[in-house]
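Single-structure report; data block below.
The values are calculated or read from the model by the stated rules, or taken from the named source; none is laboratory data. Predicted model, so just to flag it, every value in this text is computed and none were measured. Here the Cβ positions follow ideal geometry from the backbone for every residue, glycine too, while neighbour counts run over all protein chains shown. These accessible areas exclude ligands, DNA and RNA; they are computed on the full protein's heavy atoms, side chains included. Shrake-Rupley method; radii C 1.70, N 1.55, O 1.52, S 1.80 Å.
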Amino acid sequence: MEILQKKNIILNCQPKAKEDVIREIGKIFCEDGYTTEKYTQAMLDKETVFNTAIGNSVAIPHGIEEGKVEVQHAGLVIMTFPEGTDWNGTTVKLVIGIAAAGDEHVDILSNIAVTCSDEDDVEDVVHSSVDEIYNMFAN
């Protein structure tokens, strides 16, 4: 199973509550067989102990450590918010949901760090096509 499927790149999202964004990502992970339904709660729980907005207008919601048992396959869901959306008091434009169990997330996070190293890079991603974003993150 691919870590990122083109159908899981959702462009031009309207601002919405952080919890709604996380629930939407969790639903996609579950429907596509990446995780069980319980992983959504693990992502919501993570936000209570750690704000996943990492700077440069990027948030990377993922589950708490205990939630890793709910991951069946590593996966990504990418959502762009050109107008920005509130993430615990921080405005984010790029949300990358991560489902990973073992050390898979290390490579994923490394790719995100390189691709989103400054706000100009993030703006480029936010205004890219599905195919362009797929090529940035699927490798």
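The set of residues from region 1-32 being part of a helix (DSSP H, G or I) and acidic (Asp, Glu) comprises Glu19, Asp20, Glu24, Glu31.
Within region 72-86, residues that are under 16 Å from Val122 (Cβ atoms) and hydroxyl-bearing (Ser, Thr, Tyr) sit with their Cβ atoms under 6 Å from residues that are open to solvent by 10 Å² or more (accessible area, probe 1.4 Å) and modelled with pLDDT of 95 or more, at 6+ positions apart or across chains, in these pairs: Thr80/Leu11; Thr85/Pro15. Taking the listed residues Met1, Met43, the one that is over 20 Å from Asp121 (Cα atoms), touching a His at 6+ places or on another chain (Cβ under 7 Å) and modelled with pLDDT of 95 or more is Met43, with no other qualifying.
Total residues in region 7-45 satisfying the condition of being surrounded by fewer than 21 Cβ atoms within 10 Å (Cβ to Cβ) and either touching an Asp or Glu at 6+ places or on another chain (Cβ under 7 Å) or on the phi > 0 side of the Ramachandran plot (or both): the figure is 7.
The set of residues in region 94-125 being out of contact with any helix residue (DSSP H, G or I) (no Cβ under 8 Å at 6 or more places or on another chain), touching a residue at least 60 places away in the same chain (Cβ under 8 Å) and β-branched (Val, Ile, Thr) consists of Ile108, Val122.
When restricted to residues that are at pLDDT below 95, more than 19 Å from Ile108 (Cβ to Cβ) and buried (at least 17 other Cβ atoms within 10 Å of the Cβ), region 46-89 contains 0.
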